[in-house]
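The values are calculated or read from the model by the stated rules, or taken from the named source; none is laboratory data. Keep in mind that what you see is a predicted model, and the values were worked out from it rather than measured. Every residue, glycine as well, gets a Cβ built from its backbone with ideal geometry; the counts of neighbours run over all protein chains shown.
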């Protein structure tokens, strides 16, 4: 078996750009100038006696129209209002239909950021592709808008009368783990808690150096062809690195990771724990990879979210979502 | 496979899951349609995915039944072949990516883009949810008739490559791999890492997890289609073709799951004449991967590539 340094001893190479705050303030100002224009369409085929499902749309950065799923308990099943929950997607995963979370008592949104199905008519870099799309320019890099799309899911929840505005959480794994951090960082006053599994987009360059697995391998392939762009990419990616965004997170966070994760190296999960200023718990599981010990950790995720968000049905379990 | 739970859909179980009398004719018709349509594969070199220098990567476009254009990621190790090959059966998602780095180093690899998936989404772009129940009321309208044809077509293209050692082809992924092995004998090994089509009509009644919940959604909307749905799914149930399988098989088993344990799987393997090995998963992803990889590597005559590592007190990090 190969050996490697201990994950908790790895030193991150991420540097915070001096104009980091200014960059994100500009993004926020631009986003704030764009009306959300939310739209909800009932999806009766996906709805049940307990849960109403809606297909939603809203406008995000660059005036791109973003899709999502919104699932809420029926009043006859659980009387509102409800805590809110944003379930954010993995890199290759299909957008989430968070019906089981709604059955637990959450008003839950599963966002499809740009490039995902139903949000890909105006922006569609493909897979592989998203991670390195305009990687040399922070003002047009794919994740500038992608992050905004995920954050706007919270803005959508805040438009809903049935959502308790000071009890909103966010959860996802892999890219969803990254988007959990991003959402909590860019909406620090609106997020009550976050649970991030196997966080991606955390120590971009370190991760690409630690693994040859996709999606970080997209970066290695890009630098193989264009080595002269490596340092510029390093500088630009720092604006999107969760290790830099983490400083803005106020909410309690749960992170879980597999100690043998070849997709999102566990070294970066430890770095993220150190970068988060508030209450944070890191659960690691041996011999687990990108599954992040999910088989055991999901119960902890559900309990953590329930502790902070207090849904009505804490005895129910979340189910696999689409894709 | 998904964990089971007490059925919350007592009225929604799809029935009619016995072996259809015209099963063989149904599959033979797919073979006949494929035989009439040349694949005309077209390799398109991919510089980015080839930049590592250890393999050349291509997008392969080819034609399937209905003259539908499908595609696949194909990678071929550099150096002198022929090589062992691994083909991954279709996943249930829009995105299809090239095979893992350590597979691309050791094997010719193919990951398929069947109709509806990205790369093969013109004219039909599958919806998720939605794809799983598209045309499900009849086996002749079910979109997965075409998807299965696409799987067979892609495999035919792979198996015909001069870079591939015909005697060392492995099939991995869901139990669609068993259908592939049944319809296209000759693979050295099949590794079933997860169930999907086996007893699907029964499985959906015991879960609310997507994508299986798509079928429950459909049956809720169209309760009169229960029997028809069950009948359609029976055409794709690998147990009804298991007697045709002569390939060595490994199946991931979960003794703690009512839909992945010995009792559940027994009817599937009862008719298989070749060697069937179970691997009892630990739910530790990397440990399970390494065990699967060790078996597959042995079958295909290559060095295993475990992904677990041991931490040491101080670096280096590679």
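Things worth noting here:
- Single match in B:72, B:29, B:35 (criterion: in a helix (DSSP H, G or I) and either surrounded by 15 or more Cβ atoms within 10 Å (Cβ to Cβ) or in contact (Cβ under 8 Å) with a residue 60 or more places away in the chain (or both)): B:29
- Looking across B:95, B:108, B:147, one residue alone is without any contact (Cβ under 8 Å) to a residue 60 or more places away in the chain, touching a strand residue (DSSP E or B) at 6+ places or on another chain (Cβ under 8 Å) and within 19 Å of residue B:211 (Cβ to Cβ). It is B:147.
- The set of residues in the stretch A:99-112 that are farther than 17 Å from residue A:303 by Cα and within 14 Å of chain B (Cβ to nearest Cβ) comprises A:99, A:110, A:112.
- Of all residues making up the stretch A:55-86, the number that are within 14 Å of another protein chain (Cβ to nearest Cβ), more than 21 Å from the chain's Cα centre (by Cα) and more than 19 Å from residue A:314 (Cβ to Cβ): 0
- Unique residue being closer than 30 Å to residue A:275 by Cβ, surrounded by 14 or more Cβ atoms within 10 Å (Cβ to Cβ), within 14 Å of chain B (Cβ to nearest Cβ) and out of contact with any strand residue (DSSP E or B) (no Cβ under 7 Å at 6 or more places or on another chain) when the list is A:27, A:92: A:92
- Residues considered: A:237, A:225. Of these, the only one that is over 15 Å from the mean Cα position of the chain (by Cα) and free of Cβ contacts under 8 Å to residues at least 60 places away in the same chain is A:225.
- The residues listed here are A:249, A:280; of these, the one that is touching a helix residue (DSSP H, G or I) at 6+ places or on another chain (Cβ under 9 Å) and either at positive phi or surrounded by fewer than 20 Cβ atoms within 10 Å (Cβ to Cβ) (or both) is A:280.
- Search result, residues across the stretch B:285-318 that are touching a strand residue (DSSP E or B) at 6+ places or on another chain (Cβ under 7 Å), at pLDDT 95 or above and facing another protein chain (nearest Cβ under 7 Å): B:285, B:286
- Annotation for the stretch B:233-248: at least one member residue is away from chain A (no Cβ under 14 Å) and in contact with a strand residue (DSSP E or B) (Cβ under 7 Å, 6 or more places away or on another chain).
- In the stretch A:283-306, the qualifying residues are those that are away from chain B (no Cβ under 12 Å) and in contact with a strand residue (DSSP E or B) (Cβ under 8 Å, 6 or more places away or on another chain), and the one that is surrounded by the fewest Cβ atoms within 10 Å (Cβ to Cβ) is A:300.
Conditions tested, residue by residue: (1) away from chain B (no Cβ under 14 Å); (2) assigned to a loop (DSSP other than H, G, I, E, B); (3) surrounded by fewer than 21 Cβ atoms within 10 Å (Cβ to Cβ); (4) at positive phi.
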| site | (1), (2), (3), (4) |
| --- | --- |
| A:117 | no, yes, no, no |
| A:120 | no, yes, yes, no |
| A:128 | no, yes, no, no |
| A:131 | no, no, no, no |
| A:136 | yes, yes, yes, no |
| A:140 | yes, yes, yes, no |
| A:146 | yes, no, no, no |
| A:150 | yes, no, no, no |
| A:156 | yes, no, no, no |
